[in-house]
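In what follows, a structure is listed as C-alpha cells, so that the remarks can point back to it.
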Amino acid sequence: MKNEIRKWQIPKGSGFAVSLKVPVAVLLVVFGIIPMFLCTQVLLGSLRQSQTDSRMIEVQNQCQILSSKMTRTGYLRGDLVDGTMDSEIQALADVYNGRIVVVNRDFRIIQDTFHIAEKRFLVAEEVIRCFQGESSSKYNKEKHYFAQAIPIYDNTPVKGIEGVLVITASTEEIMSLMDAVNDKAIFFQLLVALVLMLAALAAATILLNPFREFQKKLNQVAAGALDTEIVMNGYRETRDLSKAVDSTLSKLKEVDQSRQEFVSNVSHELKTPITSIRVLADSLMSMEDAPVELYREFMEDISDEIDRESKIIDDLLAMVKMDKSEAELNLAQVDIVILVKQMLKRLRPIANKKNVELILESIRDVTADVDEMKLSLAVSNLVENAIKYNTPGGWVRVTVDADHKFFYVKVADSGIGIPEEEQDRIFERFYRVDKARSRSTGGSGLGLAITRRVVLMHKGAIRLTSKDGEGSTFILRIPLNYIA
Ligand code: ADP
C-alpha cells in the first residue's frame, strides 16, 4: 500500500515553474512600452496647450488691431457709417469660428456677430474690469472655448475707454485635430508595443540560450555521459555555475570510483578465506585414507579461515554502521583510564600467547565526553595491531594523558615498524603493508580505517611515528568536551 502511494507521488521539482523567458520578456516590454506611452501623452498634452495658447494670442492680437481701428475710425461714436467696420468684425468672428460682441460705455451691446443680443445690456464682471483698464482672457477647458475682453479707447488725447470688445471663440477645431493625432499615436503605440513584444520574446530566447545549452549538457550528464565537458563561457553566471557543477561532478566521480574500489576490495577480501577453505576441503576429499592428524590439521586451518571471514564481516558491519550514522555518537562522561584498563584486560591473553608485555601508564585521571563503545573499539584496534605486528619478547605501552583541552592515548610498541613510504596509506580501507603476513595474523585490513573514523567522529586527530624494524607509536588526540 505504501509503495502504491509512493508511486503516485509527484517527483521532487517537477511542479509548475514559470520559464525565465517570461519575466525577462515582461521586463523588456514594461521598460519599453510604459516610457513610450508616458512620453507620447506628455508630448500630446503640451502640443494641445501650445496650440490653444497660440490661438488665444493670435485672436487677442487681431482683436487689438480691430479695437485700434475702431478707435481711429470713431466706430463707437457712429462716425463711420459705411458698414466696413461691421463686415470686418463679422469676418474676424467667422475666421475664428466665434462671436464678437461690442459694448459701449453704457454697457449696451451695439454689435453682435450672432445678431441676437443687440441693444441689450452686457454687465459682466470681465466687461466692468475692462472698463477699468484691465483686459482679460479666460479659457474654459471643459467646454473648449475661450473668452477675451479688449478695451476700445476713444481717440481723444485723454485716451478714455469708450467700449469693450468681447470675443468668444471655440477651440473645438484644435481639439478634434488633437484627437486625430491622438488616435494615430495610439495606433502607432499599439504597433510598436506588438513589435516590442515580439522583439522582447526573441531577445529573451537569445539571452537565455547559454542556459539552455547548459541544461542540455546537464541532461547528457544525467543520461550517464559523466565525461561531458560542461564548463561554458557564455556569461560569467553560466561559467561560474558550470564550474561549480563540474567540481561537484568530479567529487561525485571520485566517490563513485572509491565506492567501486571498495566493493571490489570487499569481494576480494571475502573471497580469499572461502577459496582457502575450498582448497583445503578439496585436497582432503581427494586424499584416500588420510590420517586423522591430517584431518585435524586441515580442519584447524578451515576453522581459522572461518574466523577470518567472520572478522572481516564484523569489521565491515562496524564501518558501514559508522558511515551511515554520521552524527550518531552515544556521548557520555567516560573515565578513559578505566576504559583502557578494561580493554587491556581483554587483550592480555592474546599478548601473553605472543609473549608480548602489555604496560599501562596513566599520567593523570581523565574523564571525557566520548562514545564508550566506539572509542574502545578504536583503541583496541591499535593495541591489537601493536601485539600482532610485534616480535616475541617485545612490549606494548599504552599511555593516557590530558591537558586542559584534549586527552591523549598513546600506543607504542617494539614491533616490526612501518616503512615511511607506507605510513600515509595504512589508514586506507584494506591497505596492508605486508599482505601475506597481515592475512596470516587474521587481519581484515579495516582496523586502522575504523580507528581513524572514530577519532574523526570525535573531532580528534591521529598521528603515527614509526621506524621500520624498530617499532611504531600511534597517538590519539581527542577533545575532552565534544563540540558539535
Ligand atoms: P589489519 O587488519 O591488516 O591489521 P589494519 O587496518 O589494522 O589492518 O592495519 C593496516 C596495516 O598497517 C596492517 O596490515 C599492517 O601492515 C600495518 N600496521 C598496523 N599497525 C601496525 C603496527 N603497530 N606495527 C606495524 N605495522 C602495523
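The values are calculated or read from the model by the stated rules, or taken from the named source; none is laboratory data. Predicted model only: the values in this text are computed from it and were never measured. Note: ideal-geometry Cβ built from the backbone for every residue, glycine included; neighbour counts use all protein chains shown. Only protein heavy atoms, including side chains, enter the accessible area calculation; ligands, DNA and RNA are left aside. Shrake-Rupley method; radii C 1.70, N 1.55, O 1.52, S 1.80 Å.
Here is a list of conditions, (1) exposed (fewer than 13 other Cβ atoms within 10 Å of the Cβ); (2) within 16 Å of the ligand (Cβ to nearest atom); (3) within 45 Å of the chain's Cα centre (by Cα), and SER310 meets all of them except one; can you say which number that is?
Here SER310 meets the rest and fails (3).
For (1) touching a residue at least 24 places away in the same chain (Cβ under 8 Å); (2) among the charged types (D, E, K, R), each residue gets a yes or a no:
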| position | (1), (2) |
| --- | --- |
| TYR408 | yes, no |
| GLN423 | yes, no |
| PHE427 | yes, no |
| VAL433 | no, no |
| SER444 | yes, no |
| GLY447 | yes, no |
| LYS459 | yes, yes |
| GLY471 | yes, no |
| ILE478 | yes, no |
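Being open to solvent by 60 Å² or more (accessible area, probe 1.4 Å) and modelled with pLDDT of 90 or more is the filter here, so list the residues in the stretch 315-344 that pass it.
LEU331, GLN333, ILE338, LYS341, GLN342
For ILE302, which of the numbered conditions (1) within 16 Å of the ligand (Cβ to nearest atom); (2) among the hydrophobic types (A, V, I, L, M, F, W, C); (3) closer than 22 Å to GLU269 by Cβ fails to hold?
Failing condition for ILE302: (1).
Considering every residue within the stretch 127-136, establish whether at least one is at positive phi, open to solvent by less than 90 Å² (accessible area, probe 1.4 Å) and small (Gly, Ala, Ser).
Among the residues of the stretch 127-136, at least one is at positive phi, open to solvent by less than 90 Å² (accessible area, probe 1.4 Å) and small (Gly, Ala, Ser), which makes the answer yes.
State whether the residues of the stretch 337-345 include one that is over 26 Å from GLY443 (Cβ atoms) and over 43 Å from the mean Cα position of the chain (by Cα).
yes
Looking at ASP282, ASP240, ASP256, can you tell me which residue is open to solvent by less than 90 Å² (accessible area, probe 1.4 Å), within 30 Å of VAL320 (Cβ to Cβ) and not aliphatic (A, V, I, L, M)?
When all the criteria are applied, what remains is ASP256.
Need at least 3 residues that are more than 10 Å from the ligand (Cβ to nearest atom) and under 30 Å from ARG259 (Cα atoms) per element, so show me which strands (runs of 3 or more DSSP E) inside the stretch 368-484 make the cut, counting only ones lying wholly within it.
461-467, 471-479
Taking the criterion of being in contact (Cβ under 8 Å) with a residue 40 or more places away in the chain and more than 12 Å from the ligand (Cβ to nearest atom), would at least one residue in the stretch 355-362 satisfy it?
yes
Tell me, which strands (runs of 3 or more DSSP E) wholly within the stretch 126-176 include 2 or more residues that are under 27 Å from ASP106 (Cβ atoms) and not hydroxyl-bearing (Ser, Thr, Tyr)?
Filter on the stretch 126-176 gives 145-153, 161-170.
Determine, yes or no, whether LEU249 is open to solvent by less than 50 Å² (accessible area, probe 1.4 Å) and in a helix (DSSP H, G or I).
Considered against the rule, which asks whether it is open to solvent by less than 50 Å² (accessible area, probe 1.4 Å) and in a helix (DSSP H, G or I), LEU249 comes out as yes.
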